[in-house]
Amino acid sequence: MATGSKSCKNILVIEDNHAILDVITLILQSESYKVTGLGKSENMLAHLDALKPDLLILDIMLPDADGRVLLQQLRSDEKTSDIPVLMISARYTEANIQHGEIKPNGFLAKPFDIDDLLDKIEGILAGHTYC
């Protein structure tokens, strides 16, 4: 198996809608990614430290935090500043997600197409930025 294969890629998904979290998890696992899902941001930093994910999929509207504020926190911490982030939202659009100077590596509006999700993830993991 090649070093850059999907099965070597860890993805952390933080999404409070359990149905959407389950769908994303199933899609990514079917593509051979290693996936961990959280329903809120409470233990995000501990999970980031333990998992060292290759990508974070982060919902903007969480019950305990604003994903845009979490993104700013991630980018300002030396240990997490390089983790690529794909933000997802049902309310926000790519045009209005920016909160301050910090931008995610990509954005996807909910509901999303499975192929769009996979294309964004593969592009971000390949080093492309979509925002």
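The values are calculated or read from the model by the stated rules, or taken from the named source; none is laboratory data. Keep in mind that this is a model prediction, so the values were computed, not measured. Here Cβ is always computed from backbone atoms with ideal geometry, including for glycine, and neighbour counts include all displayed protein chains.
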Have a look at Ile88, Ile83, Ile57, Ile121 and point out the one that is out of contact with any strand residue (DSSP E or B) (no Cβ under 6 Å at 6 or more places or on another chain) and closer than 20 Å to Thr25 by Cα.
Ile121
Residue pairs, Cβ under 8 Å, 6 or more apart or interchain, first in segment 87-109 and surrounded by fewer than 19 Cβ atoms within 10 Å (Cβ to Cβ) and aliphatic (A, V, I, L, M), second at pLDDT below 90 and outside any strand (DSSP E or B). List them.
Ala109/Tyr92; Ala109/Thr93; Ala109/Glu94
Within segment 40-51, can you find the residues that are part of a loop (DSSP other than H, G, I, E, B) and either in contact with a strand residue (DSSP E or B) (Cβ under 7 Å, 6 or more places away or on another chain) or modelled with pLDDT of 95 or more (or both)?
Lys40, Ser41
Among (1) outside any loop (DSSP other than H, G, I, E, B); (2) at pLDDT below 95; (3) of a type outside the set (Val, Ile, Thr); (4) surrounded by 12 or more Cβ atoms within 10 Å (Cβ to Cβ) - the single one Leu56 does not satisfy:
(2)
Residues located in segment 114-130, provided they are among the charged types (D, E, K, R) and either modelled with pLDDT under 95 or surrounded by 12 or more Cβ atoms within 10 Å (Cβ to Cβ) (or both):
Asp119, Lys120, Glu122
Take segment 18-31 and flag every residue that is within 20 Å of Ala65 (Cα to Cα) and either surrounded by 15 or more Cβ atoms within 10 Å (Cβ to Cβ) or modelled with pLDDT under 95 (or both).
Ile20, Leu21
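Of all residues being among the small types (Gly, Ala, Ser) and assigned to a helix (DSSP H, G or I) in segment 61-106, which is farthest from the chain's Cα centre (by Cα)? Just the residue, please. I'd like the intermediate steps shown before the answer.
Step one: of segment 61-106, the residues among the small types (Gly, Ala, Ser) are 65, 67, 76, 81, 89-90, 95, 100, 106.
From the residues that got through so far, the ones that are assigned to a helix (DSSP H, G or I) too are 67, 76.
Numbers: Gly67: 10, Ser76: 17 Å.
Filtering segment 61-106 for residues that are among the small types (Gly, Ala, Ser) and assigned to a helix (DSSP H, G or I), the one farthest from the chain's Cα centre (by Cα) comes out as Ser76.
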For residues that are touching a residue at least 60 places away in the same chain (Cβ under 8 Å) and within 13 Å of the chain's Cα centre (by Cα), tally how many sit in segment 111-123.
3
Scan segment 62-75 for residues that are free of Cβ contacts under 8 Å to residues at least 40 places away in the same chain and farther than 19 Å from Ala50 by Cα and jot them down.
Asp64, Ala65, Asp66, Arg68, Val69, Gln72
